[in-house]
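Right, one structure below, let's go through it.
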Amino acid sequence: MKVTTAQMDFGRVGRGKCIYRIENIPNLSDLEKENLKEVTKKYAFRSNEYYLSLIDWNDPDDPIRRLVIPDKNELISWGRLDASNEGAVTVRKGVQHKYGTTVLLLLTETCGSFCRYCFRKRLFMEHHQEVDYDATEGIEYVRRHPEVNNVLLTGGDPLVLSTRRLEGILGSLREIDHLRIIRIGTKIPAFNPFRIIDDPELLRIIRRYSLRDRRIYFMCHYDHPRELTAESRRAIQLIQDAGGICVNQNPIIRGISDSPEVMSELWNELSYIGVPQYYVFQNRPTAGNEPYHVPIVEAYFKIEKAKRKCSGLAKRAKYVMSHESGKIEVVGVDDVFIYLKYHRAKDSEDEQRLVICHRDDQAGWYDELRPVNLMHLAV
């Protein structure tokens, strides 16, 4: 397993010791630890004392536990490591350019904790070398492509990088005139809010580089309302006060975020603190993710049921699949068909294209669906 700790603020900024081995969790029995060893040999484990303290260890189905504690069923043969074929849109090491105006920079292969359902768990394995810690080539790539107006900093989680390293990257990006938006994909406000609370320098660079007409967006990742602790809400407020814009996106995951009651509570609570739900993702068919899988039709109706308990501000999210051909929105399901639309497309000819597929209640991904011939449908 590959767990890189270079350039990280943990230990220097942020409370709660990192835990890298399942054997070091006192709340698990010896038998549980033994049963999970094989899982952690294949798919890395990582968490911290703060996040583990949110778990109700008396509940074997606790959603926070399910999110970070391995499941033996992850070893079921299912899916593939690069389920969205990100390799096909990688133009430089650590640089993906799938959509014309957007470039993605992979800055780190580490997170505050590792979500068990992670779609980039391949980054945590020894033989995968996709991250560019330096980011120089990626920044230069953006500079040479004037059509790019927004960049997503991701990984891994960019907020595990040192504040000094982040400032260097943000400063270089802000020198590019045609780049208007910088996005930072992060679950740190949920995993370790003290990374933000205890670092005034981080807030200073947000103030410096999140400008009136060139904002920094924090693409937060809350899966469950119990992650919205007082400390986490404080971290969000500090980001907002510094000029950062926060939104939320998360996948629908079996046993964590697949309850309409959980979804509606999460979206409502987020709306109260000014963090709109941006996307609900269909969990990708990534290797190891079988125990976390929810079929499309089931997910769609649960999302629609959750929306009934939300205000318009709380239910703005789009339900999408990040497929290799684009971001495909699930816009409707009836007794016969599933209705899809390309929200973003790799091929410009697919932009906003409507796709009607035969309803299949077991299908969990676009590739498993059978599109309808629209010419025949018209007849």
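The charge dipole of the range 245-379, taken about its Cα centre with unit charges on the Cβ atoms of Lys, Arg (+1), Asp and Glu (-1) only, comes to about 440 debye. Here each label is just a point 7 Å from Cα along the line to Cβ, and for Arg204 and Val91 those points are 3.5 nm apart. Charge dipole of the chain (Cα centre as origin; +1 on each Lys and Arg Cβ, -1 on each Asp and Glu Cβ, all else neutral): 920 debye, rounded to the nearest 20. Between the amide H of Phe337 and those of Arg359, distances stay under 5 Å, these residues lying 5 or more places away or on another chain, with hydrogens modeled in the peptide plane. Placing unit charges on the Cβ atoms of the charged side chains and taking the dipole of the range 164-294 about its Cα centre, the candidate lying farthest along the positive direction among His221, Gly244, Gln282 is Gly244.
Multiply the residue gap between Leu31 and Leu313 by 0.36 nm, knock off their C-alpha separation, and tell me the result in nm, one decimal place. Intermediate results must be reported in sequence, preceding the final value.
On the way: separation 282, 0.36 × 282 = 101.52 nm, distance 4.62 nm.
That pair, Leu31 and Leu313, stretches by 96.9 nm at full extension.
Over the chain, DSSP H runs of length four or greater, each weighted -39,500 (n - 2.57), average out per residue to a 222 nm ellipticity of -7500 deg cm²/dmol. The stretch between Ser77 and Ser348 holds 94.1 nm of extra length on full extension. This uses 0.36 nm per residue minus the Cα-Cα distance. Among Thr186, Thr40, Thr286, sorting on how many other beta-carbon atoms sit within 10 Å of each Cβ, with the fewest leading, yields Thr40, Thr286, Thr186.
Among Thr136, Met125, Pro291, whose Cα projects farthest towards the positive end of the dipole of the chain, with charges put on the beta-carbon of Lys, Arg (+1) and Asp, Glu (-1)? Highest projection toward the positive end goes to Thr136. Sites listed here are GluC sites (Glu not before Pro) in the range 83-136 whose DSSP assignment is loop and whose Cβ has at most 16 other Cβ atoms within 10 Å: Glu126.
Bear in mind that the values in this text are calculations on the coordinates, not laboratory data. For clarity, every value in this text was computed on a predicted model and none was experimentally measured. Glycine also receives a Cβ, built like all others from the backbone with ideal geometry; neighbour counts cover every protein chain displayed.
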